[in-house]
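Working notes, beginning with the structure itself.
Just so it is clear, none of the values below were taken in a lab; they were calculated from the coordinates. All of these numbers come straight from a predicted model, not from anything done at the bench. Cβ coordinates were reconstructed from backbone atoms using ideal geometry, including for glycine residues, and neighbour counts include every protein chain displayed.
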Amino acid sequence: MPRLVMKFGGTSVADIERIRNVALHVKRELDAGYHIAVVVSAMAGKTNELVAWCKQANPRFDPAEYDAVVSSGEQVTSGLLALTLQSMGIPARSWQGWQIPIKTTDAHAAARIDDIDAAAILRGFEENGSVAVVAGFQGIHEDSGRITTLGRGGSDTSAVAMAAALEAERCDIYTDVDGVYTTDPRIVPKARRLDRISYEEMLEMASLGAKVLQVRSVELAMIRKVPTYVRSSFDDPADPKLGTLICGEEEIMEHQTVTGIAYSKDESQITLRNVADRPGIAAAIFVPLAEANINVDMIIQVVSDASTTTDITFTVPESEYERTLAILEKNKDAIDFSEVQGETEVVKVSVIGVGMRSHAGVAARAFKALSEKHINIRAITTSEIKFSVLIDAPYAELAVRTLHSLYNLDQV
Ligand code: ADP
Ligand code: ASP
Ligand code: MG
């Protein structure tokens with residue numbers, strides 16, 4: 001029998017009534033002749049609550065204990081869905097990450113899946129067609145025997161990894177929107193649902209802020225070639241729509257120049273004034289940051305004329321802002337700067353599309369459109385299929401809407 005992985009996010013399992021609705025989606029696919037693994041998230045808001053409790057208990061918490069706590073939300077929903085399926089006469093059991101096992105690295109709170117042993121679940125399929133209800137987000141580090149979690153939004157990655165391990169026909173990610181949109185439909189009501197998007201574009205969208213899928217899940221889908229759908233759990237279980245297929249570029253007939261727009265609020269900008277302009281300065285700044293695992297994104301060095309100093313500005317995630325400033329202060333003598341300035345009220349808006357490979361001037365049009373709205377650009381980066389601009393936070397929505405219209409993405 002063909003196999004299917006179905007994943008349900010937090011809003012889709014927010015209470016018992018919604019879990020019953022999930023069970024109806026599962027029943028439909030069972031009736032269609034699939035063996036099924038369902039991956040569930042914690043109930044909406046639960047993980048945030050658990051994270052807050054950890055911080056209250058001990059602000060400098062041990063990451064292994066943090067994982068023991070925050071993984072528990074998924075234990076609850078996996079059991080509840082198995083109970084609900086059983087109440088409908090459907091054989092089902094819950095599986096925690098450690099029981100399968102889903103083996104991960106020991107990077108607590110941000111672990112990566114190394115391997116999934118699918119044998120026990122496959123046995124369940126063969127013996128009585130039992131539905132495997134898998135707790136998302138969690139795994140085990142084998143050597144230490146400790147529970148790990150995969151980073152926020154990690155159930156998406158559990159689902160795609162499960163689909164690869166089970167050689168499933170596809171992975172369906174059910175969420176509270178009916179697909180991937182040209183931009184976040186909560187910000188731009190005119191956003192359009194895409195029938196298909198390439199793995200590469202989805203990877204950029206997710207990396208640049210579109211929270212609809214965890215970045216790692218898209219990476220895995222691309223590497224393991226898992227056809228992945230994003231679709232709505234709020235559709236009528238008897239008559240659902242397919243949503244958006246994330247697939248190879250060659251499976252998409254028509255390409256727009258621009259496919260989507262993403263934005264990220266977790267940004268901050270740091271400027272070092274009057275840095276000595278001599279070889280080795282960039283290394284003196286960025287090596288200590290790299291060693292501290294701080295992800296530096298946009299970097300601009302002002303071209304200096306005859307003077308012996310220059311200004312360097314760069315961005316780091318807002319969540320790393322304080323740590324970055326502390327490291328720069330510590331290395332002040334080695335770097336040799338006069339002053340550091342910082343700004344956290346900034347956002348990064350990014351425009352994505354494989355069509356940019358073959359079209360010139362796509363970014364230039366954006367710069368013009370933003371200037372017409374008096375939006376100042378603080379920094380720019382470009383790569384083959386995307387460009388990003390850093391702007392002041394109050395202009396985020398205006399910038400996204402302006403670019404969305406500019407590239408003809410608005411729903412008509
Ligand atoms: P789940 O709890 O099901 O994992 P998430 O909240 O993680 O759901 O992801 C779904 C949300 O992603 C949507 O409600 C939507 O606001 C947001 N989102 C951001 N960008 C996009 C986009 N381009 N297309 C669709 N949804 C998006
Ligand atoms: N419950 C986890 C979170 O909120 C994992 C997930 O929902 O994907 O981040
Ligand atoms: Mg999610």
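For the reader, a short list of remarks on this structure follows.
- Filtered by the rule that a residue be of a type in the set (S, T, N, Q) and under 16 Å from residue 95 (Cα atoms), region 129-156 gives 130, 138, 148, 149, 155.
Residues are listed down the side, and each one gets a yes or a no for (1) within 16 Å of ligand 1 (Cβ to nearest atom); (2) free of Cβ contacts under 8 Å to residues at least 60 places away in the same chain:
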{"position": "2", "(1), (2)": "no, no"}
{"position": "10", "(1), (2)": "yes, yes"}
{"position": "17", "(1), (2)": "no, yes"}
{"position": "65", "(1), (2)": "no, yes"}
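- Candidate set: region 357-390, residues that are hydroxyl-bearing (Ser, Thr, Tyr) and touching a Ser or Thr at 6+ places or on another chain (Cβ under 9 Å); chosen: the one surrounded by the fewest Cβ atoms within 10 Å (Cβ to Cβ): 358
- Residue pairs meeting the criteria (Cβ under 6 Å; at least 6 apart or on separate chains; first closer than 17 Å to residue 149 by Cβ and touching a residue at least 60 places away in the same chain (Cβ under 8 Å), in region 115-137; second surrounded by 21 or more Cβ atoms within 10 Å (Cβ to Cβ) and of a type in the set (Asp, Glu)): 135/74; 136/74; 137/74
- For region 223-246, a residue qualifies if it is under 17 Å from the mean Cα position of the chain (by Cα) and either part of a strand (DSSP E or B) or polar (S, T, N, Q) (or both), and the qualifying residues are 228, 229, 230, 231, 244, 245, 246.
- Selection of region 197-222 for residues being surrounded by fewer than 20 Cβ atoms within 10 Å (Cβ to Cβ) and either more than 16 Å from the chain's Cα centre (by Cα) or polar (S, T, N, Q) (or both) yields only 207.
- Which numbered condition residue 206 misses (of (1) in contact with a helix residue (DSSP H, G or I) (Cβ under 8 Å, 6 or more places away or on another chain); (2) farther than 22 Å from residue 315 by Cβ; (3) outside any loop (DSSP other than H, G, I, E, B)): (2)
- Residues that are within 15 Å of ligand 2 (Cβ to nearest atom) and aromatic (Phe, Trp, Tyr) were ranked within region 30-89; the one that is surrounded by the most Cβ atoms within 10 Å (Cβ to Cβ) is 66.
- The single condition from (1) assigned to a helix (DSSP H, G or I); (2) surrounded by 15 or more Cβ atoms within 10 Å (Cβ to Cβ) that residue 405 fails is (2).
- Scan of region 1-28 for residues that are out of contact with any Phe, Trp or Tyr (no Cβ under 7 Å at 6 or more places or on another chain), crowded, with 20+ Cβ neighbours inside 10 Å and either hydrophobic (A, V, I, L, M, F, W, C) or within 13 Å of residue 171 (Cα to Cα) (or both), ordered by number: 5, 13, 19, 23, 26
- Filtered residues of region 173-203 (kept if away from ligand 3 (no atom under 14 Å from the Cβ) and part of a strand (DSSP E or B)): 181, 193, 196, 197, 198
- Test: residue in region 64-72 that is of a type outside the set (Gly, Ala, Ser), under 28 Å from residue 223 (Cα atoms) and part of a strand (DSSP E or B): no
- Every pair of residues 6+ apart whose Cβ atoms lie under 8 Å, when the first sits in region 203-231 and is free of Cβ contacts under 8 Å to residues at least 24 places away in the same chain and acidic (Asp, Glu) while the second is assigned to a loop (DSSP other than H, G, I, E, B) and near ligand 1 (Cβ under 8 Å from one of its atoms): none
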